[in-house]
Each structure stands twice: as structure tokens, then as C-alpha cells.
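Student: Sharing a structure here in C-alpha cells format.
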Amino acid sequence: MVGQIGLGLLVLLGVGRDDGAAEATLLAEKIAAMRIFPDGEGHFNRSALDAGGAVLVVSQFTLYADTRRGRRPSFSDAAPPEAAAPLVDAFADALRQQGLAVATGSFGAHMRVALINDGPVTIVLDSETFREPRRMH
């Protein structure tokens with residue numbers, strides 16, 4: 001067993017070629033404060049911090065799979081390991097600085113990850129969306 005948490009979030013973290021420390025910090029702040037845990041009335045009004053949750057961070061370069069051509073996915077948009085590993089660590093450290101308990105997987109290792117998904121919430125966050133100007137309604 002490498003990393004384990006109880007109540008909390010499983011973050012499958014893909015690091016792209018254009019990602020840096022700023023994106024790691026921004027995503028960590030967003031995740032720590034995101035209100036996706038239910039309050040006493042079942043409404044999403046509590047963050048992982050509010051709920052006393054932890055975070056399990058697992059590096060997952062395959063999130064950058066490009067499947068547009070052929071039958072074999074390309075991972076050329078994923079950051080190379082020597083760039084990605086320090087950013088995974090920076091992301092985990094930024095979550096800890098937000099006050100969350102953090103466990104991690106082993107970078108680059110073949111892992112078996114077990115999840116008990118208690119609820120309907122699965123969210124995709126992409127640092128690319130934070131680089132775009134915010135649309136006004």
C-alpha cells in the first residue's frame with residue numbers, strides 16, 4: 001500500500017507539456033475550496049476542507065491520450081516524466097498548504113487504484129480553461 005485515504009477526493013492528475021507551477025497551485029486552490037460535499041440537507045455546500053476530507057493524488061499521464069487518429073493513442077501532449085514528476089509533487093504540496101491531508105501514488109509506477117465512489121460527483125478540471133478569458137453572461 002502506497003497511499004490511502006478515507007473520506008475525500010481521488011485526483012487523477014495529468015500534467016501537460018505547457019503546465020507549470022502556477023497551474024499546479026491554481027488547481028490545488030480550486031480543488032481544496034470546491035463545494036462538492038453535501039451539507040446536512042444534501043446540498044453541495046461543503047468543500048473537502050469543510051468535510052474533513054483528504055486527497056489521494058495519482059499521476060495519470062494517460063489523461064492526455066489523443067485518439068483522433070489510428071488505433072493507438074498518442075501521449076505527445078503529456079509532459080515528459082522529468083517535467084511532470086516535480087509538478088505532481090508541487091500540486092500535492094499546494095494541497096497540503098491549503099490544509100488538506102494528502103496521500104500520493106508512486107510516480108511512473110503501474111498501480112492498482114481502488115475507489116468507492118460515494119455519490120454522483122466526477123468533475124474534470126483542465127488548467128487550460130483557466131488560461132482563457134472568462135465569459136460574461
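Student: Residue by residue through region 15-29, note down the ones that are surrounded by fewer than 20 Cβ atoms within 10 Å (Cβ to Cβ) and not in a loop (DSSP other than H, G, I, E, B).
Tutor: Answer for region 15-29, where residues must be surrounded by fewer than 20 Cβ atoms within 10 Å (Cβ to Cβ) and not in a loop (DSSP other than H, G, I, E, B): GLY16, ALA21, ALA22, THR25, LEU26, GLU29.
Student: Another question, if that's okay. So, in region 91-134, of the ones that are in contact with a strand residue (DSSP E or B) (Cβ under 7 Å, 6 or more places away or on another chain) and open to solvent by less than 50 Å² (accessible area, probe 1.4 Å), which residue ends up nearest to ALA79 (Cα to Cα)?
Tutor: PHE91
Student: Hey, another quick one. Which condition breaks for LEU12 when tested against (1) of a type in the set (A, V, I, L, M); (2) open to solvent by 80 Å² or more (accessible area, probe 1.4 Å); (3) part of a loop (DSSP other than H, G, I, E, B)?
Tutor: The number of the failed condition is (3).
Student: Moving to a separate point now. Under 9 Å between Cβ atoms, at least 6 apart or on separate chains: pull out the pairs that start in region 84-102 with a residue that is in contact (Cβ under 8 Å) with a residue 12 or more places away in the chain and end on any residue that is open to solvent by 70 Å² or more (accessible area, probe 1.4 Å) and of a type in the set (Gly, Ala, Ser).
Tutor: Going by the 9 Å Cβ cut-off, the qualifying pairs are ALA84/GLY108; ALA85/GLY108.
Student: From the list ILE5, ILE36, which residue is touching a strand residue (DSSP E or B) at 6+ places or on another chain (Cβ under 9 Å), of a type in the set (A, V, I, L, M, F, W, C) and farther than 22 Å from PHE130 by Cβ?
Tutor: ILE5
Student: May I pose another question? Which numbered condition trips up ALA32, out of (1) open to solvent by less than 70 Å² (accessible area, probe 1.4 Å); (2) not in a helix (DSSP H, G or I); (3) not hydroxyl-bearing (Ser, Thr, Tyr)?
Tutor: Single failed check for ALA32: (2).
Student: Now for a separate question. Could you count how many residues in region 50-80 are among the hydrophobic types (A, V, I, L, M, F, W, C), open to solvent by 30 Å² or more (accessible area, probe 1.4 Å) and touching a helix residue (DSSP H, G or I) at 6+ places or on another chain (Cβ under 6 Å)?
Tutor: Result for region 50-80: 1.
Student: Which condition number in (1) out of contact with any helix residue (DSSP H, G or I) (no Cβ under 8 Å at 6 or more places or on another chain); (2) open to solvent by 60 Å² or more (accessible area, probe 1.4 Å); (3) modelled with pLDDT under 90 is the one that ILE5 fails?
Tutor: (2)
Student: Then there is this: Those residues that are more than 17 Å from ALA79 (Cα to Cα) and of a type outside the set (S, T, N, Q), I need them from region 1-26; list them, please.
Tutor: MET1, VAL2, GLY3, ILE5, GLY6, LEU7, GLY8, LEU9, LEU10, VAL11, LEU26
The values are calculated or read from the model by the stated rules, or taken from the named source; none is laboratory data. Nothing here was measured: the structure is a model prediction, and the numbers come from that model. As a convention, Cβ positions derive from the backbone with ideal geometry for all residues, glycine included, and neighbour counts pool all protein chains shown. Just the protein is used for accessible areas: all its heavy atoms, side chains included, with ligands, DNA and RNA removed. Shrake-Rupley method; radii C 1.70, N 1.55, O 1.52, S 1.80 Å.
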